[in-house]
Amino acid sequence: MVSTGFKSIDQYAQGLHDGAFIVVGARPGIGKTCLGLAIAQRVAKEGTVLFFSMEMSASELMERTLSSVACVSLTHMRERKLSPDELASLYSAQGELEERDLRFIDNPNMSVMALKSKVRQHARRFPLALVVVDYLQLMTLGQRAENRREEVSMMSRQLKSLAREVGVPIIALSQLNRMSTFDGTKPDISQLKESGSLEQDADQCWILSWPKMKEFGGAKSITLDIAKNRHGPLGEVDLIWVPQYTRVEE
């Protein structure tokens, strides 16, 4: 078991258990990738972390991670408009990240079979601490299925099986279905997109939302609802998301 790096989350989740399958659901633009990156870079202090992305390139993910650790504006980084203090912070953050084993694997056409193969290869060679998948609905099954719902269900079961096989926690980020964006209410576990089996397969389900609509100088108050938990109690955790730095904080 390893810590998420967030004391408030660990209070409920009891850390990331070996072999656990954790689903993190959110509407678009709420910060699920930022949360996944935040946990990944913190856990990478303890062992190898594999971050699979079907949405962003490895260079984009590294940019976001540097921005988060250094607390330097991602826009300033991309526009090369950095002050001496920002440059110093980036160099310091780069040094920190070089001491962590965080590996980005980007492939927009990643199949669950290819992902399983890569995880097994790394598990034989390195002390794996965590696998993150961003995000589940962009992955393919790699074999025929009757419909998309069945395909997502089969991928969910295979990820759960893989987590137990290699004895490593797997966090799968997931979109919520479109209906969750229309009524203005807080999303719940039943709105995980394209599959009811995600809720059934997961050892833990975390639903990330922005129900309070509070902002603090550009930072946003978001809520992590631990809606299913085989390892501890249910509850809500208040976090701060800073889009400028692509950073999530306690």
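Relative contact order (percent) for the chain, with alpha-carbon contacts under 8 angstrom and 6 or more residues of separation?
About 30 percent, as a whole number.
Antiparallel as a % of all DSSP beta bridges within the stretch 7-249, to the nearest 5? Kindly include the intermediate steps, with their values, before the conclusion.
Numbers: 19 of 45 bridges.
Close to 40 percent.
If packing is taken as the mean number of other Cβ atoms within 10 Å per residue, what is the order of 77-87, 240-250, 29-39, highest first? Write down the numbers at each step before the final one.
On the way: 77-87: 11.1, 240-250: 17.7, 29-39: 22.4.
Ranking the peptides 77-87, 240-250, 29-39 by packing returns 29-39, 240-250, 77-87.
Step through the table entries Lys7/Lys118; Lys160/Lys228; Lys116/Lys160; Lys116/Lys228; Lys32/Lys220; Lys160/Lys186, compare each Cα-Cα distance with 21 Å, and write down the pairs that go over it. If you can, show how the numbers build up before the last one.
On the way: Lys7/Lys118 31 Å; Lys160/Lys228 15 Å; Lys116/Lys160 11 Å; Lys116/Lys228 25 Å; Lys32/Lys220 13 Å; Lys160/Lys186 27 Å.
Cα-Cα > 21 Å for Lys7/Lys118; Lys116/Lys228; Lys160/Lys186; rest within.
Can you tally the net charge around Gly36? Count Lys and Arg as +1, Asp and Glu as -1, for every other residue whose Cβ sits under 13 Å from the Cβ of Gly36.
On the way: positive: Lys32, Arg42, Arg64, Arg247; negative: Glu55, Asp134.
Combined, the nearby Lys, Arg, Asp and Glu give +2.
Highest mean first, what order results for 119-125, 8-14 on Cβ atoms within 10 Å? If you can, show how the numbers build up before the last one.
Numbers: 119-125: 14.6, 8-14: 18.4.
Top of the packing list down: 8-14, 119-125.
Using the Cβ atoms and a cut-off under 13 Å, what net charge is assigned to the surroundings of Gly232, where Lys and Arg are +1 and Asp and Glu are -1?
Values: positive: Lys228, Arg230; negative: Asp10, Asp203.
Here the charged neighbours net out to 0.
Sorted by mean Cβ packing within 10 Å, highest first, what order do the peptides 89-99, 104-114, 220-230, 164-174 take? Each step should come with its number before you reach the end.
Working: 89-99: 13.7, 104-114: 16.4, 220-230: 18.6, 164-174: 22.1.
Final packing ranking: 164-174, 220-230, 104-114, 89-99.
Mind putting a number on the dipole of the stretch 7-249 about its Cα centre? Charges go on the C-beta only, +1 for Lys and Arg and -1 for Asp and Glu, and I need it in Debye to the nearest 20.
Details: 31 positive and 30 negative charges, 81 e Å.
Dipole of the stretch 7-249, to the nearest 20 debye: 380 debye.
So how long is each side of the stretch 1-113 along the principal axes, counting just the alpha-carbon atoms, biggest first, in Å?
43, 33, 27
Grab the other residues whose beta carbon is less than 11 angstrom from that of Leu90, score K and R as +1, D and E as -1, and report the net. Provide the component values of the computation, followed by the final result.
Working: positive: none; negative: Glu63, Asp85, Glu86, Glu96.
So the environment of Leu90 carries a net charge of -4.
If you take the charge dipole of the stretch 44-85 about its Cα centre, with +1 on Lys and Arg Cβ and -1 on Asp and Glu Cβ, which of Ala58, Val72, Ser83 is farthest toward its positive end?
Comparing the listed Cα positions along the dipole, Ser83 ranks first.
Quick one: what Rg and Dmax do you get for the chain from the alpha carbons, in Å?
In order Rg, Dmax, the Cα atoms of the chain give 17.5, 57 Å.
Values in this text are rule-based calculations from the coordinates and carry no lab data. Keep in mind that this is a model prediction, so the values were computed, not measured. Every residue, glycine as well, gets a Cβ built from its backbone with ideal geometry; the counts of neighbours run over all protein chains shown.
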